[in-house]
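The values are calculated or read from the model by the stated rules, or taken from the named source; none is laboratory data. Because the structure is predicted, anything quoted here is derived from the model rather than measured. Don't worry about glycine lacking a Cβ; one is built from the backbone with ideal geometry, like all the others, and counts go over all protein chains shown. Ligands, DNA and RNA are stripped out before the accessible areas are found, and what is left, the full protein with its side chains, is counted by its heavy atoms. Shrake-Rupley method; radii C 1.70, N 1.55, O 1.52, S 1.80 Å.
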Amino acid sequence: MLYFTLASKAYARNLQYRGAHMVHNIASAMFGFMYACIWIGLGADYALGEYGTQGMVGYIAFTQAALWVSSFVTNGLGIPQAVRTGHISLDLMRPVHLFSHLMAKEWGQIAYQFVYKSIPIYLVYYFAFSLNVPGKASTFLYVAMALAGAAYLSICINYLIGASALWTTESSWLYWGNHAMINLLAGFFIPIEWLPGWLQTMAWWSPYPYLLYVPTRIYLGFDDVSYLWGTLLWCVLLTLASLLATGFLRRKVEVQGG
């Protein structure tokens, strides 16, 4: 019940800024529209593999909408700011684990962004480009599972980025570095199979393909759901890493007299 309350409070807080967030939606939709137009232009001269021109437009539309679930989360889950103000010591004193506490609040943020950003942005593309949608209800279920896993992976990654603020005053470069890796290794603009071989190998040894590429491929009907096992594996690994980082973080604060 506590975690649901934290999530619902975060959701309700964002509701106060719906008007301002519409500006974000317009800007995001414009970027996606430009990306789609680039592939439409390329599709006039090239086959674009198994996707085809319309498939690549659908690929870009879905990844642009999914960014608000799997990429645009709070920088370090707010830990860097808490470290600067000293509130991190109070957060660690709460009768709830720091990781689950911050994760619950972030789920509220992600739920808001899915409803008020991802869905409206995709609807714009759906009508603008006459996109196809999956014909099976099971596909939507698997896509929901893939997106939920992607959101959780992003939460874990940002938690680890936030924890690094105890050891460096410039943790923000990790946040932006993570965004760069998402653009390159998550298949945001270019499908992973079109990357150089060595870069494909690097991507699949990381959690990044499971943030965008796997949910998108499942949605478009190109991949089976076995990739969800990879999502689950990385969820387990990053959960363990987050719990371990919390122990180091707590020890660091105690040693420094927090």
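Summary of computed values
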item	result
Solvent-accessible area of residue 181 with every protein chain in place, 1.4 Å probe, in Å² to the nearest 10	70
Solvent-accessible area of residue 105 with every protein chain in place, 1.4 Å probe, in Å² to the nearest 10	80
Prolate/oblate/rounded call for the stretch 104-221, Cα gyration tensor, a/c under 1.5 rounded	oblate
Straight-distance crosslink candidates among lysines, where the alpha carbon sits under 22 Å from residue 117 and sequence neighbours closer than 8 are dropped	9, 105
Contact order normalised by residue count of the stretch 1-141, Cα under 8 Å, 6+ apart, percent	42
Pairwise centroid distance, computed over Cα atoms, of the stretch 207-221 with the stretch 1-72, Å	14
The chain, Cα convex hull volume normalised per residue, Å³	138
Cβ-derived FRET efficiency at R0 45 Å, residue 16 paired with residue 204, nearest 0.05	0.65
The chain - percent relative contact order, Cα under 8 Å, separation 6 or more	26
Gyration tensor verdict on the stretch 1-50 (Cα atoms; rounded if a/c is under 1.5, prolate if a/b is larger than b/c, oblate otherwise)	oblate
63, 53, reordered so the largest accessible area comes first (probe 1.4 Å)	53, 63
